[in-house]
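First up is the structure itself, then whatever we jot down about it.
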């Protein structure tokens with residue numbers, strides 16, 4: 001059930017269709033990073049905070065369907081990888097998982 005929910009773009013597949021349409025308009029140049037040698041430094045600043053990765057996780061509907069700790073697990077994973085996590089406004093409970101910005 002959970003895989004089907006994620007794979008189908010959540011129920012009616014409208015978001016999935018919109019995402020495919022949006023990406024089909026882009027021209028990707030996969031060789032743009034050719035020649036770079038690992039390890040790559042992907043660190044940057046997001047909202048003035050130093051992060052290790054140039055992106056951060058955002059909430060999805062029903063995080064507890066995907067992991068027993070729900071939002072806490074996602075926040076802990078973001079902290080572990082040196083990036084941020086955007087907390088849902090509908091979260092029911094959250095134990096200390098990382099730094100809170102106000």
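The values are calculated or read from the model by the stated rules, or taken from the named source; none is laboratory data. Because the structure is predicted, anything quoted here is derived from the model rather than measured. Because the Cβ atoms are built from the backbone with ideal geometry, glycine has one as well, and the counts that use them run over all protein chains shown.
The test for being crowded, with 17+ Cβ neighbours inside 10 Å, in a loop (DSSP other than H, G, I, E, B) and either touching a residue at least 24 places away in the same chain (Cβ under 8 Å) or out of contact with any strand residue (DSSP E or B) (no Cβ under 7 Å at 6 or more places or on another chain) (or both) does not hold for residue 60. Residues in segment 70-86 that are out of contact with any helix residue (DSSP H, G or I) (no Cβ under 7 Å at 6 or more places or on another chain) and either surrounded by fewer than 16 Cβ atoms within 10 Å (Cβ to Cβ) or at pLDDT 85 or above (or both): 73, 75, 76, 77, 78, 79, 80, 81, 82, 83, 86.
Once segment 8-51 is narrowed to residues that are closer than 29 Å to residue 82 by Cβ and in a helix (DSSP H, G or I), the residue that is modelled with the highest pLDDT is 22.
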